[in-house]
Amino acid sequence: MTAIAPRFGPQLIRLLLVTAVLTVGLLGALAGTASAHAALTGSDPKDGAVVDVAPREVTLTFSEQIAMGDDSIRVLDPSSKRVDVAKMRDLSQGGTVRYAVGLKPGLPDGTYTVAWQAVSADSHPVSGAFTFSVGAPSATTATVPDQEAGGGLVGTLYDTVRYISYAGFILLVGGAAFVLACWQRGASVRPLQRLVVGGWVTLTAATLVLLLLRTPYTGSGKLGDMLDLGGLSDVLDTKTGAALVSRLLLLGAAALFIAVLFGAYAKRVTEAEAEAEAEMDGEGNAEAGKAKADLAFGLSLGGTVVAAGIAGTWALSEHASTGIQTGLAMPLDVLHLLAVAAWLGGLVSLLVALYRVPDLERAAVRRFSRIAFTSVVVLAVTGLYQSWRQVGSWDAWTGTSYGQLLLVKIGLIAVLLGAAWFSRRWTGLLGEDAKTAKTAEAGAEAGVEAGVKVGVKAGVKAGVDVAEETAEEDVAEAGTAADPERAAQLARQRTALATARKKRDRDADTERSGLRRSVLIEACVALVVLAVTTALTGTEPGRTQEKEVSRTGTEAAAPAPARPVNLTEPFDTGGTKGKGTLRLTIDPARPGTNLMHVWIDGPDGKPMDVPEVKVAYTLKSQQIGPLPVVPERLAAGHWSAGNVQIPMPGDWHLQVTVRTSDIDQTTIEKNVKIG
């Protein structure tokens with residue numbers, strides 16, 4: 001084990017870095033499946049409707065409160081020109097959320113496209129489009145964005161930065177809690193200082209980037225709009241913008257907390273340790289210890305308030321602030337975030353201390369173990385409530401993307417708890433703590449006598465160490481008398497030798513090496529848990545998805561991708577040369593413009609020229625149609641129509657009429673799935 005630990009450690013560190021990169025990719029993949037919280041539940045005119053007279057306005061009804069701007073609803077004519085006028089009007093009243101936009105008078109017949117975008121109550125952007133026709137459906141060149149709101153490069157960046165902001169919060173809060181509650185001497189340890197300060201810098205930078213990305217994320221989708229001051233001003237008026245600004249102000253208070261923690265408090269801890277050693281010699285008093293305790297209490301109280309405030313900026317702007325029982329959900333969400341930070345942030349702090357600090361006391365590890373256990377209990381209670389509140393039913397666990405992600409998270413936490421169990425076992429097997437070891441080392445002046453007790457090999461090693469220390473002291477005294485600079489150099493060398501000796505002893509401790517490995521595995525799994533958690537915050541809760549399904553009768557969360565329709569059917573018109581085979585394709589078989597090809601083959605499989613082919617589409621469930629299509633003859637046995645307009649998804653009834661002579665014809669009828 002002694003020989004394995006030094007080689008295995010760097011490999012595990014590389015594993016941690018690779019896992020961090022992979023989880024960012026996982027975050028992007030999971031976020032791509034996320035759906036927004038609000039949904040369009042109705043419109044006037046309805047999607048796909050054909051009206052006789054052009055309406056004066058278009059109204060949209062949503063499932064819950066949303067934020068919309070004056071340009072959030074656009075109505076385009078068949079040539080893709082805007083026909084909406086004036087400002088959008090908010091017609092919401094009671095529990096109904098409805099918006100309307102006026103149209104130009106005297107609109108001609110044709111198919112019109114309505115495109116809309118908004119921001120739901122849980123801060124996520126939503127968008128969509130539908131069509132209606134005046135008089136009769138027509139060809140249209142209207143185009144809408146080919147990606148959903150919050151998607152594309154801007155969406156990927158936004159989701160990645162959200163992940164980074166969570167990580168920064170965990171390092172900041174968890175690292176500070178580890179120092180105050182588990183290892184107070186860590187306040188003067190440089191690696192832990194860098195960890196906590198790095199968490200603060202990461203969270204601050206991520207918050208600033210999120211604030212700048214809100215404009216393109218909820219609006220244009222163009223990365224260049226990050227620097228749009230007008231858009232930034234609009235963002236500051238939203239709930240999410242106010243939460244991000246509040247987070248920045250609280251981070252200012254957190255900076256003061258960090259300065260006191262690693263400045264005045266670290267100094268008090270050092271003085272208290274010196275005072276404790278003096279008391280052992282009968283020369284000290286309790287003043288330094290009392291001052292340290294008072295400062296620790298103030299830092300703990302103030303730090304908890306600041307940490308809860310930062311956590312509250314998430315609770316006030318995401319899922320906890322919408323849905324049922326928000327008054328209870330938001331405080332529990334804050335408690336959930338604090339427990340996550342105490343557990344995972346403390347875990348990373350422990351990992352840093354185990355790898356970078358040679359004299360971490362066993363008592364500190366045991367104190368963190370108790371805090372981690374308490375955090376897990378809090379997470380279990382708050383997580384159970386959140387699961388009930390957001391999932392809603394047993395079917396939603398497997399039938400919605402939110403429930404599926406939550407099952408993945410629960411599985412990962414089970415793995416994390418398994419690794420934590422091994423860590424607790426290694427903690428129980430740890431050898432004597434650093435203070436006991438230091439006292440024993442100071443008392444071992446005769447290496448040979450120690451060798452008689454523990455073996456010849458250990459005795460020779462201890463004797464060599466004593467000889468080295470004696471030689472160093474003699475040289476140092478001579479250097480001090482001859483040259484103060486030389487004395488300082490020798491002092492630094494002695495410190496380096498002592499650190500190397502402590503590291504060698506640490507690596508020889510098999511229990512400590514085992515603890516380092518199990519904690520590192522915990523940290524790797526925690527990175528993936530954090531990625532899944534971030535994806536969950538951007539996914540529509542299962543309870544809301546089920547409401548939309550019951551309201552619309554369709555799966556609103558993840559419609560199946562459109563696939564081209566391919567149809568092959570034999571026909572017989574009853575006349576001479578009236579038998580053949582019809583082949584028809586519709587591509588891409590989704591609402592909007594489609595390309596249709598029709599081939600007629602004779603009994604011998606060769607192209608068969610016929611006088612006429614006609615096609616019609618009918619959506620009986622919505623009383624739409626029949627919509628006639630007259631394809632153009634391209635060659636013998638081949639007809640095509642390049643601008644087939646299908647207004648909405650559904651099971652369309654397809655009628656293809658084939659005429660082989662002046663009096664012989666037949667109609668083939670089939671149902672095809674569009675969208």
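Residues being more than 22 Å from residue 175 (Cβ to Cβ), of a type outside the set (Val, Ile, Thr), out of contact with any Asp or Glu (no Cβ under 6 Å at 6 or more places or on another chain) and not in a helix (DSSP H, G or I) are entirely absent from region 208-215. Among the residues making up region 55-73, those that are surrounded by fewer than 19 Cβ atoms within 10 Å (Cβ to Cβ) and under 21 Å from residue 142 (Cα atoms) are 55, 56, 57, 59, 70, 71.
When region 645-668 is filtered for residues that are among the hydrophobic types (A, V, I, L, M, F, W, C), buried (at least 19 other Cβ atoms within 10 Å of the Cβ) and either part of a strand (DSSP E or B) or free of Cβ contacts under 8 Å to residues at least 60 places away in the same chain (or both), the ones remaining, listed by number, are 646, 652, 654, 656, 658. Of all residues in region 543-585, count the ones that are at pLDDT below 85 and more than 40 Å from the chain's Cα centre (by Cα). So the answer is 4. In region 367-387, the qualifying residues are those that are open to solvent by 50 Å² or more (accessible area, probe 1.4 Å) and under 17 Å from residue 411 (Cα atoms), and the one that is modelled with the lowest pLDDT is 384. The set of residues in region 581-600 that are touching a Gly at 6+ places or on another chain (Cβ under 8 Å) and either on the phi > 0 side of the Ramachandran plot or part of a loop (DSSP other than H, G, I, E, B) (or both) comprises 589, 590, 591. Restricting attention to region 202-237, the residues that are under 11 Å from residue 157 (Cα atoms) and open to solvent by 60 Å² or more (accessible area, probe 1.4 Å) total 1.
For region 321-347, residues that are without any contact (Cβ under 8 Å) to a residue 60 or more places away in the chain, open to solvent by 20 Å² or more (accessible area, probe 1.4 Å) and of a type in the set (Gly, Ala, Ser) total 1.
Residue 650 meets the conditions (1) within 15 Å of residue 564 (Cβ to Cβ); (2) under 42 Å from the mean Cα position of the chain (by Cα) in every case but one. The failed one is (1).
One line per residue, one yes/no per condition, for (1) under 25 Å from the mean Cα position of the chain (by Cα); (2) modelled with pLDDT under 85; (3) polar (S, T, N, Q):
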| residue | (1), (2), (3) |
| --- | --- |
| 133 | no, no, yes |
| 142 | no, yes, no |
| 148 | yes, yes, no |
| 158 | yes, no, no |
| 164 | yes, no, no |
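Looking only at region 606-626, filter to residues that are at pLDDT 85 or above and not in a strand (DSSP E or B); which one of those is most open to solvent (accessible area, probe 1.4 Å)? Per the stated criteria, the residue is 606.
The values are calculated or read from the model by the stated rules, or taken from the named source; none is laboratory data. Please read these numbers as outputs of a predicted model, since none were measured by experiment. Cβ coordinates were reconstructed from backbone atoms using ideal geometry, including for glycine residues, and neighbour counts include every protein chain displayed. Side chains included, ligands, DNA and RNA excluded: accessible areas come from the protein's heavy atoms. Shrake-Rupley method; radii C 1.70, N 1.55, O 1.52, S 1.80 Å.
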